[in-house]
Each structure stands twice: as C-alpha cells, then as structure tokens.
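A.B. asks: I'd like to ask you about the structure that follows.
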Amino acid sequence: VFRFFYFNMGEQIHLPKNTAPFFPPVNTKQYPLLALLLVIIGFSLLSWFLVYTVTYKVERRNISKELLVATFSSIFLGFGTLFGMLWGGIYL
C-alpha cells in the first residue's frame, strides 16, 4: 500500500528512527578530477578513432575495432560530461 503525503512548506517531516543517512558513492570533491580525467580519456580515444578511420583504407579497417573504440570513447565522454555538470552544480 502506497501512501502519498502532501507537506506544507513549514511542516516538519519525521523520519523513522532506523533511517540511515545517504552517502553518495563518489565524493563531491572528486567531481572536477573525474570530469577532466574522463573527458581527456574520451577525447584521446575519439582522436585515435578519427585518425584510424581517415588513414586506413576501407579494406584494411576492422569494424569490431572501430565499434570497440567508439563505444569506450562514448562512455568516457558521457561520464565526463555527467561529472562536469555535477561539478558545475547542474544536478541530474
């Protein structure tokens, strides 16, 4: 059974006594370092991917290598952007 509570602005909320405090998995002081590090790694992989696709002929390219590098580049850039926004105060 779900109960919906509507609180007024001045009303105090009482939590159960066995409620544990929430600690984020990543310390907020680490956001700048993580953002810069992940974006640098992502752009490094992106530049390697671009150089690979431009310099190699179509016959010599390997689609699995391209997909692997593009996937990891996307993951690193995505998490780097996420931590950059968290660092800037844009909480998602």
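The values are calculated or read from the model by the stated rules, or taken from the named source; none is laboratory data. Please read these numbers as outputs of a predicted model, since none were measured by experiment. Note that each Cβ is placed from the backbone with ideal geometry, even for glycine, and that neighbours are counted across all protein chains shown. Side chains included, ligands, DNA and RNA excluded: accessible areas come from the protein's heavy atoms. Shrake-Rupley method; radii C 1.70, N 1.55, O 1.52, S 1.80 Å.
A.B. asks: Could you please tell me which pairs satisfy a Cβ distance under 7 Å, a separation of 6+ or placement on different chains, a first residue in the stretch 72-92 that is under 12 Å from L33 (Cα atoms), and a second residue that is of a type in the set (V, I, T)?
C.D. replies: As it stands, the answer is G80/V39; G84/V39, since those pairs meet every condition given.
A.B. asks: Here's something else I'd like to know. Could you give me the residue pairs with C-beta distances under 6 Å whose first residue belongs to the stretch 28-48 and is in contact (Cβ under 8 Å) with a residue 12 or more places away in the chain and assigned to a helix (DSSP H, G or I), whose second residue is among the β-branched types (V, I, T) and surrounded by 14 or more Cβ atoms within 10 Å (Cβ to Cβ) wherever it lies, and which are 6+ apart or on separate chains?
C.D. replies: Between residues of the stretch 28-48 that are in contact (Cβ under 8 Å) with a residue 12 or more places away in the chain and assigned to a helix (DSSP H, G or I) and residues that are among the β-branched types (V, I, T) and surrounded by 14 or more Cβ atoms within 10 Å (Cβ to Cβ), the close pairs are L45/V69.
A.B. asks: Between a first residue in the stretch 53-66 that is without any contact (Cβ under 8 Å) to a residue 12 or more places away in the chain and a second residue that is not in a loop (DSSP other than H, G, I, E, B), which pairs have beta carbons less than 9 Å apart while being 6 or more apart in sequence or on different chains?
C.D. replies: Filtered contacts from the stretch 53-66: R61/Y52; R61/T53.
A.B. asks: Return the only residue of R60, R3 being modelled with pLDDT of 80 or more and either touching a Pro at 6+ places or on another chain (Cβ under 7 Å) or among the charged types (D, E, K, R) (or both).
C.D. replies: Numbers: R3 fails: modelled with pLDDT of 80 or more.
When all the criteria are applied, what remains is R60.
A.B. asks: Filter the stretch 63-92 down to the residues that are of a type in the set (G, A, S), at pLDDT 95 or above and open to solvent by less than 50 Å² (accessible area, probe 1.4 Å) and list them by number.
C.D. replies: Matches in the stretch 63-92: A70, S73, G78, G80, G84.
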